[in-house]
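J.: Please read through the structure below; I'll follow up with questions.
The values are calculated or read from the model by the stated rules, or taken from the named source; none is laboratory data. If you're wondering where the values come from, they're calculated on a predicted model, not measured in any experiment. Note that we place each Cβ from the backbone using ideal geometry, even for glycine, and neighbour counts take in every protein chain shown. Only protein heavy atoms, including side chains, enter the accessible area calculation; ligands, DNA and RNA are left aside. Shrake-Rupley method; radii C 1.70, N 1.55, O 1.52, S 1.80 Å.
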Amino acid sequence: MDPIDPASEPPPPPGPTHRWVRTAARTTHALLALSAVAAAVCLYFYFGRESFRPGHTERAGWAPLLVSLCAVGLFGTAALVKPYLLTVRRCALMAATATLIFLTGIGVTWYIVSHDRVTDTIVGTPLMSERDSTAFLAKKLPGVELRKIPTGVFVQSSKFTSPEEVEMSGFVWQRYDADVPGTSMGVVFPEATGGDDEMEKMYDTRSTDGRRLKGWHFKVTLRQNFNYQHYPLDKQNVWLRMWSRATFTNDILVPDFASYPPWEYGRIGLDQDTVTSGWSPYYTGWSFATHDYTMTQGLTDWDKPFKSAPELYFNVGMEREWAGPMMGRLIQSFFISAVMFLALFVYTKDDSKNPRFGFSTWTAISFAVTLLLVVVVDQQQIREIAGDTSLTYLEYLAISQYIVIMGIFANAILLGTDTDRRLLEWRDNMLATLLYWPVLVGLFFGFTVMVFAG
């Protein structure tokens, strides 16, 4: 395609059309200036201060900055290309550039989200040291004499067996002071579903500090609630919730920080060769969480404070290996979208070509309905994988296709009516053809920012 030479374009004729072109040009430049100012303000707030969100490694404010930069790109291109002159070459170049800008925005969002090391999904109050544990218990149960039992965990494998269940295995150990009775020794995983769950005693010895040390190998299936709203770019927190065997007493499980290096959000407490099919662990962390119970299992009286004593959690942050699920769905959706796009070329007002193409309103509507069913089946497969009642991110691609299919449906009906449709018939349905990809990709970009900006 030859480069566009504005001087070679014939000047617009005088009259209302000329006034419309001038108005469009002024509006484009005004919007370009506004978007440039907005981008400058967003850049200032993004880089000009410490804007990291708690529990995130990515800065806050990336979404307004990205949207404003995309707006600068769009209106800057419009100011250079001048699609309001309504030549096919200019409009096609504008449509292609807009599509590339939206695709770039989607890719940048994926990069930001996939590199964000989220830790704010930890259950309860995070604990990074023994000092944190002591301070939390002193604030939560002031003046109460507690029997602290240091407890450690080493996770060897984890596997999602269903959207709401995860299987974990590894080792757990405890250190006991001389006053800890045998009835208080051991760990209970209250969220384990049973079945094939195993707790096998591995050793009963003395640690280097002289305290009694007992360890077990565990294999448990845990049923937990996960949020799949960002699927397949989702990150999940898998946790081991632990009770003392003497629940509702003054026994409190605390992290055995002495058995680990100085704690940080990394892979401490994980086997370096941890097996996690389809997932990658990227942080671990201890925490305390309090639950309000309406019973004490008969182990203590209701007026005792231990019915709401803190419970110990070992959290493992998991990020999905998203490239496979994402690319598979995108390739399938691309071919569906390409077929829809090709359908826009069937219409022609040239009577000599119409018998060859066989265009009719009913044929176009039937074709749109067929594609709609294909997209519905594809969306249902996504919902079965996520197993969640809320909309997942990848489903918004299907919603974008629904909207475009309805547009094709309306376009076919309008082309089949006897009303004035000169704009639609321009260059054999060229308007709908040029708008197709910018609208489809732009909708998906808008949904992408909406889902991940929250």
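J.: Any idea which of (1) in a strand (DSSP E or B); (2) aliphatic (A, V, I, L, M); (3) touching a residue at least 60 places away in the same chain (Cβ under 8 Å) is the one Val220 doesn't satisfy?
T.: Evaluating Val220 over (1) in a strand (DSSP E or B); (2) aliphatic (A, V, I, L, M); (3) touching a residue at least 60 places away in the same chain (Cβ under 8 Å) leaves (3) as the failure.
J.: Show the residue pairs meeting these rules: Cβ distance below 7 Å; 6+ apart or different chains; first residue within region 327-342 and without any contact (Cβ under 8 Å) to a residue 12 or more places away in the chain; second residue open to solvent by 20 Å² or more (accessible area, probe 1.4 Å) and of a type in the set (D, E, K, R).
T.: none
J.: Right, next: Picking from Ser259, Ser280, Ser244, which residue would you name as being closer than 17 Å to Met168 by Cβ and touching a strand residue (DSSP E or B) at 6+ places or on another chain (Cβ under 6 Å)?
T.: None of the other options fit; the residue is Ser280.
J.: Among the residues of region 162-175, is any in contact with a helix residue (DSSP H, G or I) (Cβ under 9 Å, 6 or more places away or on another chain) and part of a loop (DSSP other than H, G, I, E, B)?
T.: The answer is yes; a qualifying residue exists.
J.: Can we say Leu32 is modelled with pLDDT of 90 or more, surrounded by fewer than 16 Cβ atoms within 10 Å (Cβ to Cβ) and closer than 24 Å to Phe447 by Cα?
T.: no
J.: Another question about this same structure. Please pick out the residue among Tyr260, Tyr265 that is of a type in the set (Phe, Trp, Tyr) and open to solvent by 40 Å² or more (accessible area, probe 1.4 Å).
T.: Tyr265
Each row is one residue, and each column tells you yes or no for (1) among the β-branched types (Val, Ile, Thr); (2) more than 17 Å from Phe218 (Cα to Cα); (3) open to solvent by less than 70 Å² (accessible area, probe 1.4 Å); (4) not in a loop (DSSP other than H, G, I, E, B).
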residue: Val113; (1), (2), (3), (4): yes, yes, yes, yes
residue: Asp116; (1), (2), (3), (4): no, yes, yes, no
residue: Thr134; (1), (2), (3), (4): yes, yes, yes, yes
residue: Lys139; (1), (2), (3), (4): no, yes, no, yes
residue: Glu145; (1), (2), (3), (4): no, yes, no, no
residue: Lys148; (1), (2), (3), (4): no, yes, no, yes
residue: Val155; (1), (2), (3), (4): yes, no, yes, yes
residue: Ser158; (1), (2), (3), (4): no, no, yes, yes
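J.: Let me ask you something else. List every residue pair whose Cβ atoms lie under 7 Å apart, where the two residues are 6 or more positions apart in sequence or sit on different chains, the first residue falls within region 14-30 and is closer than 21 Å to Leu80 by Cβ, and the second residue, located anywhere, is surrounded by 13 or more Cβ atoms within 10 Å (Cβ to Cβ) and modelled with pLDDT under 85.
T.: Final answer for the pair search is His18/Pro12; Val21/Pro12.
J.: Could you identify the single residue in Thr221, Thr205 that is of a type in the set (Val, Ile, Thr) and exposed (fewer than 14 other Cβ atoms within 10 Å of the Cβ)?
T.: Checking each option against the conditions leaves just Thr205.
J.: Shifting gears a bit: Hey, among the residues in region 301-333 that are assigned to a loop (DSSP other than H, G, I, E, B) and open to solvent by less than 30 Å² (accessible area, probe 1.4 Å), which one's modelled with the highest pLDDT?
T.: Pro310
J.: His18 is checked against (1) at pLDDT below 95; (2) farther than 28 Å from Tyr231 by Cα; (3) in contact with a helix residue (DSSP H, G or I) (Cβ under 7 Å, 6 or more places away or on another chain) and fails just one. What number does that condition carry?
T.: (3)
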